[in-house]
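What follows is a short report on a single structure.
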Amino acid sequence: MSLFRFLKSSSNRVTINPSGVSFSVKPGQSILEAGLAAGYAMPHSCTVGTCGTCKCKLQQGRIRELSNFAYILNGQELKDGVILTCQAALKSDVTLSVPDFEIKKLTPPEDFDGQIVAIEDLTHDTKRVRIKLDRPIHFDAGQYVQIHHEAIYGARSYSFAMAPKDAGCREIDLFIRHVPGGEFTGMLFDGKLDQGTVKVHGPAGNFWLREGLGPIVCVAGGSGLAPIVSLLEQAAKSSQGRPCVMFFGARTREDLYCLDRINEIEKSWDSPFKFIPVLSNEPEDSDWTGMRGFVNSAIESAASQYLSGETQVYVCGPPPMIDAVSETVGALGVTANNIHADKFLDASHGLSRHN
Ligand code: FES
């Protein structure tokens, strides 16, 4: 067999409808991996077959399941030819239907060597960690990287807590919240990672500010503040002409952080900007005069006038908060394609995302 024929038979192609984008997938590679490596904004979150974000429909061709789809897809979906791109390799050329696929070229992920050069307390359980890389990384505001330490199995994913720079960033900041029982954060909070070396893989994720004319509503919970701050700091550099309401859900006043940076965003935003912290567990007798309760209820009472089919909602934090917020804003008229979520999961969800 000639080398040409061998190469031709060793990789297959994916075509994505309705965009018409097409890329090749190497043997053993998942469709998602190949799409991201080609720089396409494939919908995804966990990458390990547990969240369902990468669901799409197989229209033509044959795939091989890298793990059993039945763990996450229901009987009807399996019957309808729904697949998970993060858990599917190709047996032939295939055509997929991915309605939410946006033709946006992203920086393909790469491997970097990193060293932790600074660690700062933001709250009692959240730290800002600065990592110096062997070369600059380019990313979109709102994306994340995976961090791997040689002493710990698997990688942990953390969002960039900073806006990107045109020349790329040689140093990156992450907000890392302590996860009780979490191996990586346990070492970090015990001081065992000071000046430590790590492997960094990225950028990844499809959480970025979409173009539009309508209002922007951002909702952050806990360390979910990182991608929201990144996205808004980047957006504040250019003219938006769009009103923005930002909610920050926390337990108590002591859990609020980064308020100076949010203040700077507010000052440079070129349209009305409202920042609304919401505390769910602040002692009754404290002198807190701001909003109390859960952030989805706060949205209902403080932002319903901003919500319409034109509004884009960006929500980032723990899954229950994301589900509650998505349901609330959906009921108030925001269309599903305008709700963008970045779920922060931990080991209890069978993942190593943000723990
Ligand atoms: Fe594929 Fe989560 S199931 S990205």
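Read the figures in this text as sums done on the coordinates, not as results from a lab. No experiment lies behind these values; they were computed from the predicted model shown. Virtual Cβ from ideal backbone geometry, glycine too; neighbours counted across all protein chains shown.
Structure values in brief
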{"item": "Theoretical ellipticity at 222 nm over the chain - DSSP helices of four or more residues, -39500 (n - 2.57) apiece, nearest 500", "result": "-5500 deg cm²/dmol"}
{"item": "Net charge of Cβ neighbours under 12 Å - reference LYS132; Lys, Arg +1; Asp, Glu -1", "result": "-1"}
{"item": "GLU65 paired with ARG170, simple spin-label distance in nm, labels 7 Å along Cα-to-beta-carbon", "result": "4.9"}
{"item": "Extension gain (nm, one decimal) between SER239 and GLU284, 0.36 nm per residue minus Cα-Cα", "result": "12.1 nm"}
{"item": "Residue with peak Gaussian network fluctuation, the chain [Cα springs, cutoff 10 Å], from GLU33, GLU282, GLU150", "result": "GLU150"}
{"item": "Choice from ILE131, ILE176, ILE103 showing the highest fluctuation, given a GNM over the chain with Cα pairs closer than 10 Å", "result": "ILE103"}
{"item": "Spin-label proximity, ALA331 to region 291-316 - amide N less than 16 Å from point 7 Å beyond Cα toward beta carbon", "result": "294-305, 307-308"}
{"item": "Share of alpha-carbon pairs per 5 Å distance bin for region 1-104, given as whole %", "result": "2, 13, 25, 26, 18, 9, 4, 2, 1"}
{"item": "Sum of side-chain charges, GLY61 neighbourhood, beta-carbon under 10 Å (Lys, Arg +1; Asp, Glu -1)", "result": "+2"}
{"item": "Computed FRET value (nearest 0.05) for ARG135 with GLN29, which takes r as the C-beta separation and R₀ as 30 Å", "result": "0.75"}
{"item": "Rg to Rh quotient for the chain, alpha carbon positions, Kirkwood Rh", "result": "0.98"}
{"item": "GLN305 paired with SER19, simple spin-label distance in nm, labels 7 Å along Cα-to-beta-carbon", "result": "3.8"}
{"item": "Rounded Å value of the spacing that divides the Cα centres of region 144-162 and region 100-116", "result": "13"}
{"item": "Dipole magnitude of the chain about its Cα centre (Cβ charges: Lys, Arg +1; Asp, Glu -1), debye to nearest 20", "result": "1520"}
{"item": "Residue among ALA163, ALA236, ALA331 with the largest mean-square fluctuation in a Gaussian network model of the chain, springs linking Cα atoms under 10 Å", "result": "ALA331"}
{"item": "Shape call, region 101-257: gyration tensor on alpha carbons, a/c limit 1.5", "result": "oblate"}
{"item": "Approximate spin-label separation THR252-MET187, in nm, with each point projected 7 Å along Cα-to-Cβ", "result": "3.1"}
{"item": "Antiparallel bridge percentage (DSSP; both residues within the chain; nearest 5)", "result": "60"}
{"item": "Paramagnetic label zone (point 7 Å from Cα along Cα-to-C-beta, VAL48; backbone N under 15 Å) in region 181-213", "result": "182-185"}
{"item": "Too-long pairs where the Cα-Cα distance tops 29 Å, listed order kept, from LYS57/LYS274; LYS26/LYS79; LYS26/LYS132; LYS105/LYS127; LYS199/LYS267; LYS192/LYS274", "result": "LYS57/LYS274; LYS26/LYS132; LYS105/LYS127; LYS199/LYS267; LYS192/LYS274"}
{"item": "Cα shape, region 163-221, gyration tensor, a/c 1.5 rule", "result": "oblate"}
